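The values are calculated or read from the model by the stated rules, or taken from the named source; none is laboratory data. Keep in mind the model is a prediction, meaning the values are calculated, not measured. Cβ placement follows ideal geometry from the backbone for every residue including glycine, while neighbour counts extend to all protein chains displayed. Calculation scope for accessible area: heavy atoms of the full protein, side chains included, ligands and nucleic acids excluded. Shrake-Rupley method; radii C 1.70, N 1.55, O 1.52, S 1.80 Å.
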Amino acid sequence: MKNVSKRARWTYYRGDRPELLGIKELELVGCDRFAEAAGLAFHDHGSCYEIVYMENGKATWEVGGELHTTSAGQMFHTRPNESHRASMNFIDPCAIWWMVFAGPEGKDSWLGLSGAELREVEERLGRLPRTVTVDPQILSPFRKLRLAIASGGALAPVLVRHYTLDILLH
């Protein structure tokens, strides 16, 4: 009998591509497609934020003892050092895109931004609701980010910064 995977995954870890080492803000990015419930226990991302976009399906997240249910078209996020998990340690069948990134707090430059632009992004991150409905067009910059990382080349750092900001400013 053929072994069929119940999960499809793509990930980029900072440092996987030498030409992207200069983009210290982006730690991880990826997508997962869960055909059946899968384990996702408590974890955190240290000094980084995490955003998760629900492409389809639904998931319930637990942060600080509170449950947050998300469905297709919604985004969920955690702040630095927040321990979180899928409810009951299992994520329902779904497709998600996610990004783990270092925030702009205390920095003079971040993803090419500085000054008033940087402070505005920092302030907006601080006010971001735990879950928010976003334009489904956000899938386009996620897919383009994946392609820019996979393609590499001299312009890859510029494209990665551009698509990362496009996702975060949606």
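Values computed for the structure shown
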{"item": "Stretch gain in nm, segment S71-E19, where the contour uses 0.36 nm per residue and the Cα spacing is subtracted", "result": "15.2 nm"}
{"item": "Choice from D44, D16, D92 with maximal GNM fluctuation in the chain (Cα, 10 Å cutoff)", "result": "D16"}
{"item": "FRET efficiency estimate (nearest 0.05) - Cβ-Cβ, E105 to R9, R0 25 angstrom", "result": "0.25"}
{"item": "Cut-off 15 Å between beta-carbons: net charge of the residues surrounding F34, Lys and Arg +1, Asp and Glu -1", "result": "+2"}
{"item": "Rg/Rg_globular for region 73-170, with Rg_globular taken as 2.2 N^0.38 Å and Rg from C-alpha atoms", "result": "1.18"}
{"item": "For region 26-139: relative contact order, % (alpha-carbon pairs under 8 angstrom, 6 or more apart)", "result": "35 percent"}
{"item": "Correct choice for log10 I(q)/I(0) by the Debye sum over Cα atoms at q = 0.11, 0.15, 0.17 Å⁻¹ that was computed from the model, options (i) -0.72, -0.93, -1.05; (ii) -0.46, -0.86, -1.10; (iii) -0.58, -0.89, -1.03", "result": "(ii)"}
{"item": "Where the chain is the region considered: accessible area per residue in Å², 1.4 Å probe", "result": "52 Å²"}
{"item": "Neighbourhood net charge (12 Å Cβ-Cβ; Lys/Arg +1, Asp/Glu -1) for A59", "result": "-2"}
{"item": "Region 1-100 shape via C-alpha gyration tensor axes, a/c threshold 1.5", "result": "oblate"}
{"item": "Rounded percent of accessible protein surface that carbon and sulfur make up, region 46-164, 1.4 Å probe", "result": "54 percent"}
{"item": "Where chymotrypsin sites (Phe, Trp or Tyr not before Pro) fall in DSSP loop in region 1-86, at most 13 other Cβ within 10 Å", "result": "F42"}
